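The values are calculated or read from the model by the stated rules, or taken from the named source; none is laboratory data. Everything numeric here is computed off the predicted structure, so don't read it as measured data. Don't worry about glycine lacking a Cβ; one is built from the backbone with ideal geometry, like all the others, and counts go over all protein chains shown.
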Protein chains: 2
Amino acid sequence: MGKIVKQASLVIIGDEILSGRTEDKNLAYLAKWLGKLGISLSEVRVVLDDEGAIIGALNSLRKKYDYVFTTGGIGPTHDDITTECVAKAFGVEAKVDDDALEKMKEFLDGKELTEPLLKMLRIPVGGELIYSPVTKAPGYKIGNVFVMAGIPKIMQGMLEGMYDYLEAGDVVKSRSYDIMVGESFFAEELTLIQEQFSNVSVGSYPFSRDGVYGATIVLRSSNDSDLNSCERLVLELISKF
Amino acid sequence: MGKIVKQASLVIIGDEILSGRTEDKNLAYLAKWLGKLGISLSEVRVVLDDEGAIIGALNSLRKKYDYVFTTGGIGPTHDDITTECVAKAFGVEAKVDDDALEKMKEFLDGKELTEPLLKMLRIPVGGELIYSPVTKAPGYKIGNVFVMAGIPKIMQGMLEGMYDYLEAGDVVKSRSYDIMVGESFFAEELTLIQEQFSNVSVGSYPFSRDGVYGATIVLRSSNDSDLNSCERLVLELISKF
């Protein structure tokens, strides 16, 4: 069965996601990025820019999973409260980080270092800075929590800096096949296939395209031989329709 | 301050969302739909097709919020376990519903009623059926939990059937303005504006478009007069850049 796969979770922080104004793009990106490392994204919570909600989610998830990622709320405005919440969750203070300050001054090259800029350099004590190629304000790691910006481009840059802190597992390979018939026509046979392969996760994800119902059958496993055997049975099933 | 706004939460159920294979479209749709009713979407959890995870999220959220919506996992295949989990969360059995069965038989018009179709007619005892215009397999309401399909088109149809069960609040109006300068340039002034209006939520959501950083300032309130006064100050702020 290989190594035990590490499990990760994500806290998406921001009123704008819960109001429907902004569609989150970070979940899918992080899921795929972790998948390539053999780390499974097992739970996601979307919470308001609210201290109780953020601290509650952080404390619940960092006990439950190997890694917790957060996106959003580390900017310079009053509604960016993630860092203060992370600090409170870990029972430490947040302070302007010396290294971050030096890098920012270099970047500003004589321009004014304003309060909002200073706010972005505050890091919970004990946190390790993670710079992004696209911004001078860093993300950071504290304990098993990885704190990132919400803007997808910046988040993706910070994520690359977190790579070295993560323990990779066996990579789960997935194969998927569309079947152009409603799920109820093949559900029983698919159940029988799943029952034969405990090493393979067999999922069926229905869709409707231009009024036609179908489903994508997805096989996921880190065991090549079982994956191949299971695939043969699924292709046989699909060929019947 | 008007009526107390009801708070809702959403459980998105499905491995395919957490693997990044499928991008969820239901969160944003539900958020906007509820917003028009004056109901606030306050928390979202995305969980695997796993009994413990689903029941855990359901039981935690149905105590905490006025309404809990779920999407996904009510289809006919072996990985559709939402209904059994809802039943367990409420401590009741799930049974094939007589009304749902009758409607399905009518629809099938003599065609075979297979096991997978029957599975979709199972409803936790005490649940009230909610039909969708696009499918003969219903969603349902039990307690304060509203169970819907995951396919957006079907979910949206079911949601309309849930309208009558929801208590509307004061509608929160929102106005938004783009400011084409980085947040750190206006963060302090925006904080001062927020401090003057406790009735208005002032959010700032940064973006980068073609390499240019800016932010959308969003004002949300159910109090028209405060919203107007706050808007004037924000427009004044924007005009400085």
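Quick look at the values:
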read-out	value
Residues within segment A:40-50 that are facing chain B (nearest Cβ under 7 Å) and either of a type outside the set (A, V, I, L, M) or outside any loop (DSSP other than H, G, I, E, B) (or both), tallied	7
Counted residues, segment B:1-39 - those being of a type in the set (S, T, N, Q) and either assigned to a helix (DSSP H, G or I) or at the interface with chain A (Cβ under 8 Å from one of its Cβ atoms) (or both)	3
Test for A:Ser42: is it closer than 16 Å to A:Met148 by Cβ and among the polar types (S, T, N, Q)	no
Filtered residue count, segment A:49-64, keeping only those that are crowded, with 20+ Cβ neighbours inside 10 Å and over 10 Å from A:Val11 (Cβ atoms)	1
Residue tally, condition within 24 Å of the chain's Cα centre (by Cα) and on the phi > 0 side of the Ramachandran plot, over segment B:67-113	2
Residue tally, condition more than 14 Å from chain A (Cβ to nearest Cβ) and in contact with a Ser or Thr (Cβ under 9 Å, 6 or more places away or on another chain), over segment B:128-139	2
Candidates A:Leu113, A:Leu118, filtered to the one that is in a loop (DSSP other than H, G, I, E, B), within 14 Å of another protein chain (Cβ to nearest Cβ), over 23 Å from A:Leu30 (Cβ atoms) and of a type in the set (A, V, I, L, M, F, W, C)	A:Leu113
Residue check for B:Leu58: in contact with a helix residue (DSSP H, G or I) (Cβ under 6 Å, 6 or more places away or on another chain), assigned to a helix (DSSP H, G or I), in contact (Cβ under 8 Å) with a residue 60 or more places away in the chain and not aromatic (Phe, Trp, Tyr)	yes
Filtered residue count, segment B:168-186, keeping only those that are farther than 19 Å from B:Asn223 by Cα, of a type in the set (D, E, K, R) and either in a strand (DSSP E or B) or assigned by TED's automatic domain parsing to the domain that holds B:Pro138 (or both)	1
Pick from segment A:187-215, criterion in contact (Cβ under 8 Å) with a residue 12 or more places away in the chain and in a helix (DSSP H, G or I), ranking: nearest to the other protein chains (Cβ to nearest Cβ)	A:Ala187
Every residue from segment B:216-232 that is surrounded by fewer than 19 Cβ atoms within 10 Å (Cβ to Cβ), more than 9 Å from chain A (Cβ to nearest Cβ) and not in a loop (DSSP other than H, G, I, E, B)	B:Asp224, B:Ser225, B:Asp226, B:Asn228, B:Ser229, B:Glu231, B:Arg232
Residue check, B:Glu160 touching a strand residue (DSSP E or B) at 6+ places or on another chain (Cβ under 6 Å) and either more than 18 Å from B:Lys32 (Cβ to Cβ) or in the same structural domain as B:Val147 (by TED's automatic domain parsing) (or both)	no
Among residues of segment A:173-186, those that are in contact (Cβ under 8 Å) with a residue 60 or more places away in the chain and crowded, with 17+ Cβ neighbours inside 10 Å, counted	1
Search result, residues across segment B:145-178 that are within 19 Å of B:Ser229 (Cα to Cα) and within 11 Å of chain A (Cβ to nearest Cβ)	B:Val172, B:Ser174, B:Ser176
Flag for A:Met104 being within 17 Å of B:Val181 (Cα to Cα) and either surrounded by 16 or more Cβ atoms within 10 Å (Cβ to Cβ) or aliphatic (A, V, I, L, M) (or both)	no
